[in-house]
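J.: Got a structure for you, questions after.
The values are calculated or read from the model by the stated rules, or taken from the named source; none is laboratory data. This one's a predicted model, so the numbers in the text were calculated from it and none came from an experiment. Using ideal geometry, Cβ is built from the backbone for each residue, glycine included, and neighbour counts are taken over all protein chains shown. In case anyone asks, the SASA skips ligands and DNA or RNA and just uses the protein heavy atoms, side chains included. Shrake-Rupley method; radii C 1.70, N 1.55, O 1.52, S 1.80 Å.
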Amino acid sequence: MKVLVAVKRVLDYNVKARVKADKSGIELANVKMSMNPFDEIAVEEALRIKEAGNAEEVIAVSIGPSQSQETIRTALAMGADRGILIETEEELQPLVIAKLLKHVVEKESPGLVIVGKQAIDDDSNQTGQMLSAMTGWAQATFASKVEFEGDALKVTREVDSGLESIKVAMPAVITTDLRLNEPRYAKLPNIMKAKKKPLETIPVADTGVTTTTGLSVVEVNEPEQRQAGVIVSDVSELVDKLKNEAKVI
Amino acid sequence: MSTLILAEHEGGALRPATLNVVAAATQIGNDVTLLVAGSGSDAVAQAASSLAGVTKVLHADDAAYENELAENLADLVMTIANDYEHILFAATASGKNVMPRVAAMLDVPGISDITEVQSADTFVRPIYAGNAMATVKSSDARKVITVRTTSFEAGAETGGSASVETLAATAASEKVSFIGQELSQSDRPELTSARVVVSGGRGMQDGENFKMLDEIAEKLNAAVGASRAAVDAGFVPNEYQVGQTGKVVAPDLYIAVGISGAIQHLAGMKDSKVIAAINKDEEAPIFQVADYGLVADLFDALPELSKGLDG
Amino acid sequence: MSYTAPVRDIEFMLNKVVGLDEVAALPGFEEATPDLVAAILEESGKFTAEVLAPLNRVGDEQGSSWSEDGVTTPEGWKDAYQQFCENGWGALSFEPEYGGQGLPMCVSAAVQEMWHSSNMSFGLCPLLTQGAVDALHHHASDEMKERYVAKMVEGTWTGTMNLTEPQAGTDLASIRTRAEPDGDHYRISGQKIYITYGEHDLSENIIHLVLARLPDAPEGVKGISLFVVPKFLVNDDGSLGERNDVKCVSIEHKLGIHASPTCVMSYGDNDGAIGYLVGQENHGLMYMFTMMNQARHAVGVEGYAIAAGAYQKALAYAKDRKQGKTLLGTSEDDQGIINHPDVRRLLMTMRSGVDAMRGLALECAASFDKAAKHPDADKRDYYQRRGELLTPMVKGWSTEFGVELCSMGVQVHGGMGFVEETGAAQYYRDARITTIYEGTTAIQANDLIGRKTARDGGQGMKELTTEIRATVGELEKSNRAELQVMAKRLGDAVEALEDTTDWLLKQDNAALPAAGSVEYVMMSGRTVGGWMMARTALAATASSEDPKYSDAQITLARFFAEHELPKVGSGKQIVTEGGESTISIDVAML
């Protein structure tokens, strides 16, 4: 079985996003970019599945500009076997990403697709579900545990009131939650090997997928800033302020 | 044209989140239809029909809908989706699970987590953990949306008198089945709808110390939350997590204890009406958003606070 | 986060200034392409920031502790070391035949900077192992290499260097540890001190390299041999055998690097520790010298690495801390002490100083890389001379300046810097050892004026200053005012350095050059540092990728030219005129 993981190049987790002066988006020139943290978890899970003998090959797919190759190389350095880049300079929406992933799924026929539950840039939380709907494969989102049970999977999911578990037939689409695993660091020998692993680039135009949608960004603004309040001297003053000034207790 | 909302419910009652979604739908302006899908859910359908602003309730009752499986709910929505211009879900774990499927099947982009309705086709949604707000406009015939519940004041539970119509159930998916759940047991209000939230961070040092927060929560009828650091450290289960990748809350009072205030945490609570923070590090970023800050060791401050709330 | 690896600055220096492409073009280094090196630096940055940096404080506070049973490292260190080895970081520069990656020294130095910035006490363990592997690699028999090297490259076993004895520090001629022949091996007995990681719980075995004398050895440095003394004897099948007769009898209580156990090692308390001769008898000291340049370079890297850590801490504090109305703040909210001009000066000195020292160290490492692999024998000689010339500057200047910068880091924090809580003091304390071990600054100075300058009649220095003058010419051609300033300052500095070198070569009384030798190390270090910064500015001028970044590089280079290079001129005065007063006083009056 092949496992397909989708990895997205995003503004690094530790870098504060700054809105561009012309309000057209976020400043991404000359800032540190990294793999979306949820996608690192996806790669890790795929590798564990392979290491447990439940898969033969892990393929990392990214969709984005040519620099997304670095993100794929990161996945290859962690241990993925090969990479596919669908190259585009456009910022694509989850609907289009899901269609492009479907294109790869049709080509590669994996038994499992694992994607992050959301990307920390647009925070959409849509791609996995959309891919599942488009392929007709079972969907297991927000996974915090994945277990193989014959040709099905038992997936523990993080829901608002706790955890629930579902059984899904394969092939399936899984989206990862934070506590699914702790991604490994790439080993130096694997970083070196990653360079020689195959990485195929497909221009987005060759997929035949339309990349425009009816949804457009009008503008991007800074959020309203909350002002710092007062520092109180002790607990009794805090209780007093909450009771008599803010009147919230 | 009108707006369809997928109602959420559990234990025979609507989840509060649905009231917030109705409020968002009211702002969009069209007629509002509530879809209640469940198993043995007549009471929920009845309750739904009395919500202010709801003009019609569609009720589909079948075992397929018992456990909110996304495949089954999306299939059901698709049987009527073409009758609606807007299809709304709450931005809950359940709503987020279903919405993108519906959008994909309609071949339109999903619009996640809206915090503002500017017009029937223009919405505001947070991106980059709320570090930026994107205004997006849809030219599609159908707009499929999740609504950030904390951004819309809940609509009234009564005052409406919608008709209840039965909707034929769809077949259950054979690819997925529900096994079970481990829900956290708590007598406290639910985190996202509590009026007061008391949250602990890494500064709590271990799970045992969260009992000090429980004690205070008890006295304030508050829910207990946590930062990602506290959840990752295993102090409390994941459903306590407030933040970019956890729950978004906006209570009247949010008390942050031993939480430094990483941007990802602020993303989940900065819309709270009043924020109080207790931290021993006076440079902690949480103080930059707190209305009331107390620089103190939480192990001294919490017992005092607990006592102070008695008096 | 307490440490963020300056990946971008390191990459810029390596790619655009030092010229990684030239190194990668050499046979044997083909793999070291910029994209691979970028990936390595990125991952190393992640590992050091997330795994090593969080252990720096606990290492300082807990320290390593000694008991009869051995030395225990601080909480979390063992796991981190295991992860370090599993991820292959220790094997970066070693030969592939023993499991290494065969990467150039300039890449290895870039990675090692991150170890030491994030946690110098930790970084010392692999640093020492590397030294031991180098020694074995060059001088041990194949059989001995088979037995020890692969495990050391993996990190499963660590290495130590046992030179110093209570009566024999800088003067190794007086060592007394004895080695008695006993069949196919030797029995070693004696005491060694200041043995870094001589005993610890991080690895399965520890391979000690020990200098000792044979019973019939000639007096002095020509009678010293090098032995391998494993903590656990190694069986023919590679498994571990009996515990050898070597133990750590105590560890030192030190000013800094608390987590790095500095051991007193006792050999042969019972029937003599079993040791195996490395190479030939009585060649021990020579063997040590072949790896001396590498080891000294590594400590020079520590010197600026720790200053880089101190800089990050000071920068964060200065942005955050507000005291008084600043002259440079642009608004009410922009009143961090970083906007006081003198705090800026401190931070600019730290930042430009670290950049300059990094440039020097990477240039030196790249010279050794070319010396090792260049197809042209003349070029190999040229670069060997260059590497050897720069090494005492890397070790001497970068450690002394590093300590100074760490002290500035404390200064930026004011009173809070003197208080341990902020962590600024730890950098200062940890840094202080770097000017002492692997040869004090005076030893480096001796090496620079003697072995590296006088011995070749100043040839290596002449080649260097000729290249620096070529850069001055390039700066003069630029139409940017900042580069004109740099041309003037660098031109003055190189002239002062040449004058001083000429003066040194002419002296008959050895005491006068010796009296000024440390200042000579400083002035040559500063000049080469200024050269690297000037080349950085030229590279930045040529790069259109990110104008803000380029402008910052140019400003940093100009700052260095204006604040550090003028000291070269006064260095000339100190060296050429200040010797007499240094040595002429009646000691009884001191």
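J.: When you count, for each residue, the other Cβ atoms within 10 Å and take the mean per peptide, how do C:527-539, C:177-189, B:44-56, A:60-72 rank with the highest first?
T.: In decreasing order of mean packing, C:527-539, C:177-189, B:44-56, A:60-72 become C:527-539, A:60-72, B:44-56, C:177-189.
J.: For peptide B:262-272, compute the average count of partner chain beta-carbon atoms within 10 Å of each residue's beta-carbon.
T.: The shielding value for this peptide is 2.
J.: Per DSSP H run of n ≥ 4, the term is -39500 (n - 2.57); total these for the protein assembly as shown, divide by its residue number, and report the mean residue ellipticity at 222 nm rounded to 500 deg cm²/dmol. Provide the component values of the computation, followed by the final result.
T.: Working: 34 runs with 472 residues, N = 1150.
Counting only the DSSP helices, I get -13000 deg cm²/dmol.
J.: Now for a different question. For the protein assembly as shown, take N as its residue count and report Rg(C-alpha) divided by 2.2 N^0.38 Å. The partial results should precede the final answer.
T.: Details: Rg = 33.6 Å, N = 1150, 2.2 N^0.38 = 32.0 Å.
Ratio of Cα Rg to 2.2 N^0.38 Å: 1.05.
J.: Efficiency by 1/(1 + (r/R0)^6): what FRET value for B:Asp232 and C:Glu97, r their Cβ-Cβ distance, R0 = 56 Å, to the nearest 0.05?
T.: Efficiency, rounded to the nearest 0.05: 0.85.
J.: Just name one of B:Val248, B:Met1, C:Ile443: the one whose Cα is farthest towards the positive end of the charge dipole of the protein assembly as shown (beta-carbon charges, Lys/Arg +1, Asp/Glu -1).
T.: Among B:Val248, B:Met1, C:Ile443, the one farthest towards the positive end of the dipole of the protein assembly as shown is C:Ile443.
J.: In segment A:234-249, what residues drop by 40 Å² or more in accessible surface going from the chain by itself to the full protein assembly, probe 1.4 Å?
T.: A:Val235, A:Leu238, A:Val239, A:Leu242, A:Val248, A:Ile249
J.: Averaged over all directions, how much area does the convex hull of the C-alpha atoms of segment C:157-283 cover when projected, in nm²? Don't skip to the end; give the middle numbers.
T.: Details: hull surface 32.0 nm².
Averaged projected hull area, Cα only: 8.0 nm².
J.: If you place +1 on the Cβ of every Lys and Arg, -1 on the Cβ of every Asp and Glu, and leave all else neutral, what size is the dipole of segment B:194-238 about its Cα centre, to the nearest 20 Debye?
T.: 200 debye
J.: Mind putting a number on the dipole of the protein assembly as shown about its Cα centre? Charges go on the C-beta only, +1 for Lys and Arg and -1 for Asp and Glu, and I need it in Debye to the nearest 20.
T.: Working: 105 positive and 163 negative charges, 389 e Å.
Dipole about the Cα centre, nearest 20: 1860 debye.
J.: Could you tell me what percent of the accessible area of segment C:157-283 is made up of carbon and sulfur, with a 1.4 Å probe and every protein chain present? All intermediate terms of the calculation are to be shown ahead of the outcome.
T.: On the way: 2370 of 5080 Å².
Carbon-and-sulfur percentage of accessible area, whole number: 47.
J.: Still on this structure, please answer the following. Tell me which trypsin sites (Lys or Arg not before Pro) from segment A:134-189 have a DSSP coil assignment and no more than 13 other beta carbons within 10 Å of their own.
T.: When the trypsin sites (Lys or Arg not before Pro) of segment A:134-189 are filtered for loop state and at most 13 Cβ neighbours within 10 Å, nothing remains.
J.: I've got another one for you. Which one, C:Asn282, A:Val235, C:Ser141, projects farthest toward the positive side of the charge dipole computed for the protein assembly as shown from Cβ point charges (K/R +1, D/E -1)?
T.: Most positive-ward Cα: C:Asn282.
J.: Where the eigenvalues come from the Cα gyration tensor of segment C:291-439, what are the semi-axes √(5λ) of the equivalent ellipsoid, largest first, in whole Å?
T.: Each semi-axis is the square root of five times an eigenvalue, giving 37, 17, 9 Å.
J.: Compute the orientation-averaged projected area for chain C from the convex hull of its Cα atoms and round it to one decimal in nm².
T.: Computing the convex hull of the Cα atoms and averaging its projections yields 28.1 nm².
J.: Provide the per residue accessible area, probe 1.4 Å, for segment C:157-283, rounded to a whole number of square angstrom.
T.: 40 Å²
J.: Among the Cys residues of chain C, which have no other cysteine Cβ under 4.7 angstrom away?
T.: Cys with no partner Cβ under 4.7 Å: C:Cys85, C:Cys106, C:Cys125, C:Cys364, C:Cys406.
J.: Filter C:Lys370/C:Lys488; C:Lys222/C:Lys247; C:Lys254/C:Lys567; A:Lys20/C:Lys548; A:Lys243/B:Lys247 down to the pairs with a C-alpha to C-alpha distance above 23 Å, please.
T.: Listed pairs above 23 Å: C:Lys370/C:Lys488; C:Lys222/C:Lys247; C:Lys254/C:Lys567; A:Lys243/B:Lys247.
J.: Keeping the other protein chains in place, figure out the carbon and sulfur percent of the accessible area of segment C:291-439, with a 1.4 Å probe.
T.: 51 percent
J.: Next up: Mind giving me the FRET efficiency for A:Ala29 and C:Met589? R0 is 56 Å, r the Cβ-Cβ distance, nearest 0.05 is fine.
T.: In this case the efficiency is close to 0.25.
J.: Using Cα pairs under 8 angstrom and six or more residues apart, how large is the relative contact order of segment C:291-439, in percent?
T.: Numbers: 213 pairs, mean separation 54.1, N = 149.
Computed value for segment C:291-439: 36 percent relative contact order.
J.: How compact is chain A by the rule of thumb for globular proteins, expressed as Cα Rg over 2.2 N^0.38 Å?
T.: With N residues counted in chain A, Rg over 2.2 N^0.38 Å equals 1.17.
J.: Over what distance in Å are the Cα centres of segment C:313-370 and segment C:388-422 separated?
T.: What the calculation gives is 13 Å, centre to centre.
J.: Additional query: Rounded to two decimals, what is the ratio between the C-alpha radius of gyration of segment B:1-150 and 2.2 N^0.38 Å?
T.: Working: Rg = 14.2 Å, N = 150, 2.2 N^0.38 = 14.8 Å.
This ratio for segment B:1-150 stands at 0.96.
J.: Cβ under 14 Å from B:Glu165's Cβ, B:Glu165 left aside: what net charge do those residues give with Lys, Arg +1 and Asp, Glu -1?
T.: Working: positive: B:Lys56; negative: B:Asp31, B:Asp42, B:Asp61, B:Asp83.
Neighbourhood net charge equals -3.
J.: Could you name the aspartates and glutamates whose alpha carbon sits less than 14 Å from that of A:Lys107, not counting residues in the same chain fewer than 8 places away?
T.: Excluding near neighbours in sequence, the set is A:Glu200, A:Asp206.
J.: Within 12 Å, Cβ to Cβ, of B:Ala301, how many net charges do the neighbouring residues add up to if Lys/Arg are +1 and Asp/Glu are -1? It would help to have the intermediate numbers written out before the result.
T.: Details: positive: B:Lys280, B:Lys307; negative: A:Asp234, A:Glu237, B:Asp297, B:Asp300, B:Glu304.
Combined, the nearby Lys, Arg, Asp and Glu give -3.
J.: Peptides C:155-168, B:101-114: what's the order by average Cβ count within 10 Å, highest mean first?
T.: B:101-114, C:155-168
J.: Give me the accessible area buried between chains C and A, both sides summed, with a 1.4 Å probe, in Å² rounded to the nearest 100. Please list the in-between numbers first.
T.: Values: alone 23840 and 14130 Å², together 36290 Å².
For C against A, buried area totals roughly 1700 Å².
J.: Report, as an integer, the average count of C-beta atoms from other chains found within 10 Å of each Cβ along A:146-159.
T.: Neighbouring Cβ atoms belonging to other protein chains average 2 per residue here.
J.: Can you order the peptides A:233-245, B:196-208 by their average number of other Cβ atoms within 10 Å per residue, highest first?
T.: B:196-208, A:233-245
J.: Under a 5 Å amide H to amide H cut-off, with H placed in plane at 1.01 Å, what residues pair with A:Gln139 once short-range neighbours are removed?
T.: A:Val173
J.: Need one number: nm distance between label points at C:Ala510 and B:Asp214, each 7 Å from Cα along Cα→Cβ, rounded to one decimal.
T.: A separation of 7.9 nm, rounded to one decimal place.
J.: In whole percent, and with a 1.4 Å probe on the protein chains, what portion of the accessible area of segment C:7-152 is carbon and sulfur?
T.: That fraction is 47 percent.
J.: How many Å² of accessible area per residue for segment C:7-152, probe 1.4 Å? Please report the intermediate quantities before stating the final value.
T.: Details: 4930 Å² over 146 residues.
So segment C:7-152 comes to 34 Å² accessible per residue, rounded to a whole number.
J.: Stretch C:His283-C:Ala454 to full length: gain in nm at 0.36 nm per residue minus the Cα-Cα span?
T.: Computed gain between C:His283 and C:Ala454 is 59.1 nm.
J.: Follow-up. Can you tell me the dipole magnitude for chain B around its Cα centre, using point charges on the Cβ only (Lys, Arg +1; Asp, Glu -1), in Debye to the nearest 20?
T.: Rounded to the nearest 20 debye, it is 620 debye.
J.: What is the interface area between chains B and A, defined as buried accessible area summed over both chains with a 1.4 Å probe, reported in Å² to the nearest 100?
T.: 6600 Å²
J.: Would you list the P(r) distribution for segment C:441-578, with all Cα-Cα distances sorted into 5 Å bins from 0 and each bin expressed as a whole %?
T.: Once binned at 5 Å, the Cα pair distances of segment C:441-578 give 2, 11, 21, 21, 16, 11, 9, 6, 3, 1, 0.
J.: Sequence gap at least 6, Cα distance under 8 Å: using those rules, report the relative contact order of segment C:4-59 to the nearest whole percent.
T.: Computed over segment C:4-59, the figure is 40 percent.
J.: Report the rotationally averaged projected area of segment C:444-522 based on its alpha-carbon convex hull, in square nanometres.
T.: 5.1 nm²
J.: For each pair in C:Lys231/C:Lys373; C:Lys313/C:Lys373; A:Lys196/C:Lys395; A:Lys32/A:Lys196; B:Lys280/C:Lys78, compute the distance between the two Cα atoms and list the pairs where it is over 29 Å.
T.: In this structure, C:Lys231/C:Lys373; C:Lys313/C:Lys373; A:Lys196/C:Lys395; B:Lys280/C:Lys78 exceed 29 Å between Cα atoms.
J.: So for segment A:2-244, averaging the separation of alpha carbon pairs under 8 Å that are six or more residues apart and normalising by length, what relative contact order in percent results?
T.: Computed over segment A:2-244, the figure is 23 percent.
J.: How much accessible area per residue does segment C:378-460 have, counting only protein heavy atoms and a probe of 1.4 Å, in square angstrom? Before the final figure, lay out the partial values.
T.: Numbers: 3160 Å² over 83 residues.
Accessible area per residue: 38 Å².
J.: Moving to a separate point now. What average count of beta carbons from other chains do you get within 10 Å of the Cβ of residues in B:227-238?
T.: So the per-residue partner count for this stretch is 2.
J.: Additional query: Of A:Gly116, C:Ser93, C:Pro341, which is farthest on the positive side of the dipole of the protein assembly as shown, counting Cα position, with +1 on Lys and Arg Cβ, -1 on Asp and Glu Cβ, and the Cα centre as origin?
T.: Looking along the dipole axis, the top candidate is C:Pro341.
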